[in-house]
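Asker: Supplied in structure tokens, the structure appears directly below.
The values are calculated or read from the model by the stated rules, or taken from the named source; none is laboratory data. Since the model is a prediction, treat every value here as computed from it, not as a measurement. Please note: Cβ atoms are built from the backbone with ideal geometry, for glycine as well, and neighbour counts cover all protein chains shown.
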Amino acid sequence: MGQTVAEKILSRHLVSGDMEPGRPIALRMDQTLTQDATGTMAYLQFEAIGVDRVRTELSVSYVDHNMIQGDYRNPDDHRYLQDVAAKYGILFSPAGNGICHQLHLERFAVPGKTLIGSDSHTPTAGGLTMIAIGAGGLDVALAMAGEPFVTPMPRITLVRLVGTLQPFVSAKDVILEVLRRITVKGGVGRILEYGGPGVEGLSVPDRATITNMGAETGATSSVFPSDEVTRRWLRSQGRESSWVELSADADARYDTVIDIDLSTLEPLVAQPFQPDRVVPVRELAGLPVDQVMFGSCTNSSLRDIESVAHILEGRRIAPTVDAGISPGSRQVILEAARTGAFATLVASGVRLLEVSCGACIGMGFAPPTEGVSLRTINRNFLGRCGHKTGKVYLVSPEVAAASAVTGVLTDPRDLAREEGIEPFSFAQPDAFLVDDSRFVAPADEPETVTIRRGPNIAPLPPIEAMAETVRGEVLLKVGDDITTDHIMPAGAKILPLRSNIPAIARHVFEVVDASFHDRALAKGGGFVVGGANYGQGSSREHAALAPRYLGVRAVLAKSFARIHLANLVNCGILPLLFQDPSDYDAVEAGDALSLNRREVVTAGSFPVRNERSGRDIPCTTPISEEDLAVVLAGGKLNWVRSKKAERL
Ligand code: F3S
């Protein structure tokens, strides 16, 4: 039987497993990436594993998330990352070089290879036909140490594209349409593979916008075929030798098919506070806008900046609007300077923000109280962009640009009609300006490198193995679609604490319940109860490490998001599912729960006792036998160390 693109790449990297959907597969990872927000923890864990050199084809450490240098903490973290990179064979990309996903697409992504990254939008590289997967830092550390990455074999969904995008409709509208149809849960356990005749009309950055935001569907990854468009992109980056053709066989079979006629799409917008609350822009047209942000890893390519400049050419940002742009990389800036797009943006009144993630997570560019912020980013979760009252709407660069001009949410086709703006077409350079001089190669003599650790870089707190009986209070009960931003917020106040678990743990669940930290410590930990899709959002393992530090032993939910589920396991927190989801109503905050570790099984159910009601709640765990052993050992680091000790 023929294979899909995803199956071809997975089968060529299969270390063990039989590629039956839902069954564990172990994959060889060719490349890894980290960013600074998750990277310090990943490298602390890598050091704890005790390997003297990375064992991947390529590992890159990017500094892009938090560049604010208000005190010593971020600079110290950046220096630690640079020293670790030099010592262990990792390419280092310093602050100012660009956003990890844009840079990886430009300089390192290779069709047919695998990539694991400690950032949930790692699947961006699927736009260049990689199986690229976001994971927690420990899984990335293990991949750097040469261990295969274990994940359930995804089902493959074909997103069949036909037709061509109409003027002022762009790739962002494609992925917003996918989200509108399948929601933030629709991709769970799946790879979204794009195919059909509509694919050839999408450039590599267009494809990367789509695969980037596939993460919002919960998909394990998203992937496009490798074709002449791919080859042209690689040639323009001086990397044509990396090209291979890769397409699905004619008789490839897919689990499900989603058909999208690109010709019928119109500008779309995702309303607060979920990326799947998608409606046509025309339905909300006229909504007053306070702020517009262009850029982020979703829409920061030269194509996106040029499309914004095309609409802003000869126009001014409305005086009521604060607009800023975070370009994706130095290359994008240099190209936009060469074409004049940057000058157009500045002339129109757009603020130039740093080449970084900052604004995406509200650092340096946050909405005012109750303010409406249109952003070309990928997430609009509560509090994501600085604080709880800001209302973030996710839109394409074209919608953002038209709305920045009018001061209200605007369908760019209306502005184009009124003001005679011609349709935009992007002329990709034959040869991009390539300057890799800011990348720092690993040291030739690693034994001479001393890793400098500032006072903010705290040792990893030890995690003990699971006790015979786990007893504790339900510290918090939350509803459906709780995100990692709810559990462990990002932002300027918190990110500098990323390498200090006791310090960052003060902020666990603070947007939901400000007393969580103190109560959890006072009670010696306990349980958290959640609804469906618990832990959706980012790959940050701090959302598991910090609760575990506070003593959270188990999370009882209706379902879990993939990366967070893996992070819970890695950090020694037992994920539990209500066998009957209606039992969610049988547990309240403050109830005392208990379970016996000997009774926990991966096949079938086991009881979790609610001591208040005296009732045994039948529960299951969605993890494998091996993952259960990891949880019982107190997390993956303990488990790996014990395996290493056994081998000696
Ligand atoms: Fe950065 Fe925001 Fe993307 S934090 S990696 S620009 S989702």
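Asker: Does the stretch 347-360 contain any residue that is in contact with a strand residue (DSSP E or B) (Cβ under 9 Å, 6 or more places away or on another chain), farther than 23 Å from MET67 by Cα and modelled with pLDDT of 95 or more?
Answerer: Checked against the condition, which is being in contact with a strand residue (DSSP E or B) (Cβ under 9 Å, 6 or more places away or on another chain), farther than 23 Å from MET67 by Cα and modelled with pLDDT of 95 or more, the stretch 347-360 yields at least one hit.
Asker: Testing SER222 on (1) farther than 18 Å from LEU103 by Cβ; (2) more than 23 Å from the chain's Cα centre (by Cα); (3) not in a loop (DSSP other than H, G, I, E, B), one condition comes back false. Which one is that?
Answerer: (2)
Asker: Check whether at least one residue in the stretch 380-393 is in contact with a strand residue (DSSP E or B) (Cβ under 9 Å, 6 or more places away or on another chain), more than 16 Å from the ligand (Cβ to nearest atom) and among the hydrophobic types (A, V, I, L, M, F, W, C), and report yes or no.
Answerer: No: the stretch 380-393 contains no residue that is in contact with a strand residue (DSSP E or B) (Cβ under 9 Å, 6 or more places away or on another chain), more than 16 Å from the ligand (Cβ to nearest atom) and among the hydrophobic types (A, V, I, L, M, F, W, C).
Asker: Could you list all residues from the stretch 453-495 that are part of a strand (DSSP E or B), more than 16 Å from the ligand (Cβ to nearest atom) and among the polar types (S, T, N, Q)?
Answerer: THR469, the sole residue that qualifies.
Asker: For PRO622, only one of the following conditions fails: (1) crowded, with 22+ Cβ neighbours inside 10 Å; (2) under 26 Å from SER120 (Cα atoms). What is its number?
Answerer: (1)
Asker: Considering each residue of the stretch 601-639, count those that are among the hydrophobic types (A, V, I, L, M, F, W, C) and closer than 21 Å to ARG562 by Cβ, and give that number.
Answerer: 9
Asker: If PRO272 satisfies every condition in (1) modelled with pLDDT of 95 or more; (2) under 19 Å from the mean Cα position of the chain (by Cα); (3) within 16 Å of the ligand (Cβ to nearest atom) but one, which is the exception?
Answerer: The failed condition is (3).
Asker: Name the residue that is nearest to the ligand (Cβ to nearest atom), counting only residues in the stretch 275-292 that are closer than 25 Å to ASP119 by Cβ and in contact with a helix residue (DSSP H, G or I) (Cβ under 7 Å, 6 or more places away or on another chain).
Answerer: Among residues in the stretch 275-292 that are closer than 25 Å to ASP119 by Cβ and in contact with a helix residue (DSSP H, G or I) (Cβ under 7 Å, 6 or more places away or on another chain), the one nearest to the ligand (Cβ to nearest atom) is PRO275.
Asker: OK, next. Considering only residues of the stretch 380-402 that are among the aliphatic types (A, V, I, L, M) and closer than 18 Å to ALA490 by Cα, which is surrounded by the most Cβ atoms within 10 Å (Cβ to Cβ)?
Answerer: VAL392
Asker: Please state which of the following conditions ALA532 fails to meet, knowing it meets all the rest: (1) under 30 Å from GLY614 (Cα atoms); (2) out of contact with any Pro (no Cβ under 9 Å at 6 or more places or on another chain); (3) aliphatic (A, V, I, L, M).
Answerer: All conditions pass for ALA532, except number (2).
Asker: Could you identify the single residue in ALA514, ALA586, ALA544 that is in contact with a Leu (Cβ under 8 Å, 6 or more places away or on another chain), over 20 Å from PRO275 (Cα atoms) and not acidic (Asp, Glu)?
Answerer: Within the list ALA514, ALA586, ALA544, the selection yields ALA544.
Asker: If you don't mind, another one. Output the residues belonging to the stretch 225-242 that are charged (D, E, K, R) and either assigned to a helix (DSSP H, G or I) or buried (at least 24 other Cβ atoms within 10 Å of the Cβ) (or both).
Answerer: Of everything in the stretch 225-242, those that are charged (D, E, K, R) and either assigned to a helix (DSSP H, G or I) or buried (at least 24 other Cβ atoms within 10 Å of the Cβ) (or both) turn out to be GLU228, ARG231, ARG232, ARG235, GLU240.
Asker: Also, I was wondering about something else. Could you tell me which of the residues ARG498, ARG506 is among the basic types (Lys, Arg) and within 16 Å of the ligand (Cβ to nearest atom)?
Answerer: Checking each option against the conditions leaves just ARG498.
Asker: Quick check on the stretch 431-452. Is at least one of its residues touching a helix residue (DSSP H, G or I) at 6+ places or on another chain (Cβ under 6 Å), assigned by TED's automatic domain parsing to the domain that holds GLU335, assigned to a loop (DSSP other than H, G, I, E, B) and among the charged types (D, E, K, R)?
Answerer: No, the stretch 431-452 contains no residue that is touching a helix residue (DSSP H, G or I) at 6+ places or on another chain (Cβ under 6 Å), assigned by TED's automatic domain parsing to the domain that holds GLU335, assigned to a loop (DSSP other than H, G, I, E, B) and among the charged types (D, E, K, R).
Asker: Residues LEU460, LEU476: which one is farther than 25 Å from SER301 by Cβ and modelled with pLDDT of 95 or more?
Answerer: Result: LEU476 is the single residue among LEU460, LEU476 that is farther than 25 Å from SER301 by Cβ and modelled with pLDDT of 95 or more.
Asker: Assess whether ALA132 counts as being within 14 Å of the ligand (Cβ to nearest atom) and either among the aromatic types (Phe, Trp, Tyr) or in a loop (DSSP other than H, G, I, E, B) (or both).
Answerer: no
Asker: Next question, about the same structure. Search the stretch 107-121 for residues being assigned to a loop (DSSP other than H, G, I, E, B) and within 12 Å of the ligand (Cβ to nearest atom), and hand back the single one that is farthest from the chain's Cα centre (by Cα).
Answerer: Checking each candidate, the answer is SER118.
Asker: Taking the stretch 208-242, which residues are among the hydroxyl-bearing types (Ser, Thr, Tyr) and either closer than 18 Å to THR114 by Cα or within 16 Å of the ligand (Cβ to nearest atom) (or both)?
Answerer: Within the stretch 208-242, THR209, THR211, THR217, THR220, SER221, SER222, SER226, THR230, SER241, SER242 meet the criteria.
Asker: Can you spot a residue in the stretch 59-74 that is free of Cβ contacts under 8 Å to residues at least 40 places away in the same chain, more than 16 Å from the ligand (Cβ to nearest atom), closer than 18 Å to ARG453 by Cβ and not acidic (Asp, Glu)?
Answerer: yes
Asker: Where residues in the stretch 481-518 are among the hydrophobic types (A, V, I, L, M, F, W, C), free of Cβ contacts under 8 Å to residues at least 40 places away in the same chain and touching a strand residue (DSSP E or B) at 6+ places or on another chain (Cβ under 8 Å), which of them is nearest to PRO462 (Cα to Cα)?
Answerer: Result: PHE509.
Asker: Going through GLY295, GLY349, GLY324, GLY328 one at a time, which residue ends up being more than 20 Å from LEU202 (Cα to Cα) and either touching a Pro at 6+ places or on another chain (Cβ under 9 Å) or within 13 Å of the ligand (Cβ to nearest atom) (or both)?
Answerer: Exactly one of GLY295, GLY349, GLY324, GLY328 is more than 20 Å from LEU202 (Cα to Cα) and either touching a Pro at 6+ places or on another chain (Cβ under 9 Å) or within 13 Å of the ligand (Cβ to nearest atom) (or both), namely GLY349.
Asker: Which pairs have Cβ atoms under 8 Å, sit 6 or more apart or on different chains, and link a residue in the stretch 358-379 that is acidic (Asp, Glu) to one that is modelled with pLDDT of 95 or more and more than 10 Å from the ligand (Cβ to nearest atom)?
Answerer: GLU370/LYS391
Asker: Free of Cβ contacts under 8 Å to residues at least 12 places away in the same chain and of a type in the set (A, V, I, L, M, F, W, C): which single residue out of ALA250, ALA337 fits that description?
Answerer: Answer to the selection: ALA337.
Asker: Could you list, in sequence order, all residues of the stretch 307-346 that are of a type in the set (Asp, Glu) and either touching a strand residue (DSSP E or B) at 6+ places or on another chain (Cβ under 6 Å) or crowded, with 23+ Cβ neighbours inside 10 Å (or both)?
Answerer: Hit for the stretch 307-346 is ASP322, nothing else.
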